1. So which residues in segment 602-616 are touching a residue at least 12 places away in the same chain (Cβ under 8 Å), open to solvent by 20 Å² or more (accessible area, probe 1.4 Å) and either outside any loop (DSSP other than H, G, I, E, B) or more than 17 Å from E499 (Cβ to Cβ) (or both), if there are any at all?
2. Answer yes if at least one residue in segment 134-149 is in a strand (DSSP E or B) and within 27 Å of T311 (Cα to Cα), and no otherwise.
3. From I518, I477, grab the single residue that is among the β-branched types (V, I, T) and open to solvent by 10 Å² or more (accessible area, probe 1.4 Å).
4. Can you tell me which of G119, G96 is open to solvent by 20 Å² or more (accessible area, probe 1.4 Å) and at positive phi?
5. Considering segment 258-286 alone, what residues qualify as being acidic (D, E) and open to solvent by less than 40 Å² (accessible area, probe 1.4 Å)?
6. So which residues in segment 49-58 are under 15 Å from G159 (Cα atoms) and open to solvent by 30 Å² or more (accessible area, probe 1.4 Å), if there are any at all?
7. Return yes or no: is Y175 at negative phi, open to solvent by 10 Å² or more (accessible area, probe 1.4 Å) and in contact (Cβ under 8 Å) with a residue 12 or more places away in the chain?
8. Could you tell me which numbered condition C61 fails, if it satisfies all but one of (1) farther than 24 Å from E113 by Cβ; (2) buried (at least 21 other Cβ atoms within 10 Å of the Cβ)?
Amino acid sequence: MAEPYIEEVEYLDVLTKTGKKTGVSKPRGDVHRDGDYHKAVHVWIFAESTQELLLQKRADCKDSWPGLWDISSAGHISAGDSSLITAQRELQEELGVILPKDAFELIFVFLEECVTNNGKFINNEYSDVYLVTTLEPIPREAFTLQDTEVSDVKYISFGEYRSHLAEADPKYVPYDVNKQYGLLFDIITKRYKENNEARSLVLQKQLRRYAPVSLTAELTGLGDADKEALILLVRAAMIMDEIFYLQVWHSNPVLREWLKEHANVSQLDNLKWMYYVINKSPWSCLDENEAFLTTADSAVKLLPEATKPITGWKGVQYRAAFPMLKPSGANFYPPDMDKMEFKLWTTGLSLDQQKDAMSFFTVIKRHSQVSWDNHIFDSTHLSKGSTYDLYSILYSQEYHSFLARVSDLLHKAGDLVSSPSLKRLLHSKADAFLSNDYYDSDIAWMELDSKLDVTIGPYETYEDSLFGYKATFEAFIGVRDEKATAQLKLFGDTLQVLEQNLPMDDTYKSKDIIAAPIRVVQLLFNAGDVKGPQTIAFNLPNDERIVKDRGTAMVILKNVSEAKFKQILNPIADACIAKEQHELVDFESFFTHTICHECCHGIGPHTITLPDGRKSTVRLELQDLHSALEEAKADIVGLWALNFLIKKHLLPTSLEKSMYVSFLAGCFRSVRFGLEEAHGKGQALQFNWLLEKEAFVFHPNETFSVNFDKVEEAVESLSRTILTIQAKGDKEGASLLLQKYCTMTKPLKVALQKLESIHVPVDIAPIFPVAKSLLE
């Protein structure tokens, strides 16, 4: 006798009123009966050539809005499922259209709160609204309709459809286009009606903020074998670019190739490409990561198997999508993963697995997405009941095709170079790329003593603004400036003295700070995570194990510092600093504070003991707030340290006033990077604190000066505040501090508007003629 058919009950995750997961799930019927908040997806298919949206006609048997025209595809997100997979699956089940994740652009989240069926159906629903952009309409006969859900489909002009909704046409499911859902139509209108000439002018203005500068270095101290190795190193560095493009967003590499390929089509296309090269993504670094491109500018991809085959039709051509809002997790995590999901997942892991999840060198993925991608055109493999868990994968696996090439180049270069310490670095880094263990190669980098200076690998975590865990790949290749390096030994040798005198409680101070080696380098090539504003120095590694055991080392890029001082800081001082303090802005003070900033990354709290006795790190406790606060700490404690060293007669008294005024001018330089960027955020915090404490003075003629009577105390008080927050791992304290002071106050706005009006560059766009000639 056959088993009786029992319909599977669909469970939904219950959300708070603000849309956060509660950890509770309930049957779908109960959710709508009780009015619980829950999640769904809306997927709109838009045809560019006809400017039409695809609508589906809801089946007559549906429990809500039967027989009415509605969204292309929609559905609830079942408990434990992800938004993106649900969007892909609903499109496949309802319409027979199977698309990869790069076809889906999340455009906004829509909250619908309504009651129907005489109060029996309460719908409190957060919907992730996705847009799929195709070049042409999909032929009617290509669809495979799910008859229990959909009775028909049609394309309609988006303007006409908006009118139907505005007039509350009873043949269409109602959406209030005068409220949030109007965004759909606003986005499409803006995207396709924008004037090309106006766009070109905006891009030209954005490009003018970067001053092109040639950075060169003398190769006279290098032998022929070293120069041959240098060519291999530049080639290896260029692969860091390839990985970084992918780390930013999964469709970023195809966007780059498309823009490059079409750069000569028109002036606008050329400007798009030029500005993309600076930002390395469609999001503008200097504009709070606002998108300067849209999916309409992106690559076209052909998918012959997306629907059932139709004679004479080659298949779906779609735009590789990216969201207008830069994803906080970049491409390190699934795009639809939130902090709560990550927390719930990691809570159930072993300690070793938790370390992997939070490691610098792993990517977080979904089993479900990988399964879907692997069987994307074979629906017999798709299982609605499969486990949708997160898992971590090592960089050495995720980026193996790139890293194997880099490893080979580094081994070849290592065989050629004359310096034993560089030879060790290159071979150990080549091994690290394939093993995912960077400890030995980072030690080798710290001990590098070579004319040719190389930094290559995954280091900074700014791109991961979700948690600040994941490292991006980068490369800096330069030539050591031996004379300048010798002059800076003082800073590395005094780190322990500085640590013991830091303005914070003695219980938080470390007893075993190690002298930090400092190398001054003339940069001849960089790649990878070097987008937008250029760094003038870096302090590495970020691995807390090495910082605790061996300290850090720093590299100062002298030719970059000189270019920024000449192109940017001098004009800023002329415009913003009070006349009587002009002469106190000088390169020596600017460069010396840069060095001290990097030194101060190596002191202060790193590995900490929490109030409950647990051992942790500042990075893990402060998460996404760590980068901004750490940059602010290095800056302000760097000022404190300079003052300390002057009083100990270890630095000349000529710096006593110039360091503060040069720092003030530098505030405007860094804040122009934007308050979404860690350095800009940290600089706004410092400027506003010092202004509030009257250490900086804003004059009626809209210039600024330093109050030398109050600046020392103000610098010390902010240093103490930040160091104490870090020592306690106090995320709430960090959040409150940044919320209060990391704002674009009126004095900052006045200064920035003045600099924009006289066209002072915000940063430099480096050109590397030496590297270019080597490759040629």
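1. Keep residues of segment 602-616 that are touching a residue at least 12 places away in the same chain (Cβ under 8 Å), which gives 602-608, 610-611, 616.
Then keep just the ones that are open to solvent by 20 Å² or more (accessible area, probe 1.4 Å); that gives 606-607, 611.
Matches in segment 602-616: T607, P611.
2. Pass one, segment 134-149, residues in a strand (DSSP E or B): 134.
From the residues that got through so far, the ones that are within 27 Å of T311 (Cα to Cα) too are 134.
Yes, because at least one residue in segment 134-149 is in a strand (DSSP E or B) and within 27 Å of T311 (Cα to Cα).
3. Values: I477 fails: open to solvent by 10 Å² or more (accessible area, probe 1.4 Å).
Unique residue meeting the criteria: I518.
4. None of the other options fit; the residue is G119.
5. From segment 258-286, those acidic (D, E) are 261, 269; that's our starting set.
Within segment 258-286, D269 is the sole residue that qualifies.
6. Step one: filter segment 49-58 for residues under 15 Å from G159 (Cα atoms), giving 49-55.
Selection gives S49, T50, Q51, E52.
7. On the way: at negative phi: yes; open to solvent by 10 Å² or more (accessible area, probe 1.4 Å): yes; in contact (Cβ under 8 Å) with a residue 12 or more places away in the chain: no.
No: the conditions fail for Y175.
8. Failing condition for C61: (2).
The values are calculated or read from the model by the stated rules, or taken from the named source; none is laboratory data. The model shown is predicted, which means the values in this text are computed figures rather than measured ones. Heads up, the Cβs are rebuilt from the backbone with ideal geometry, glycines too, and the neighbour counts pull from every protein chain shown. Surface areas here come from the heavy atoms of the whole protein model, side chains and all, with no ligands, DNA or RNA. Shrake-Rupley method; radii C 1.70, N 1.55, O 1.52, S 1.80 Å.
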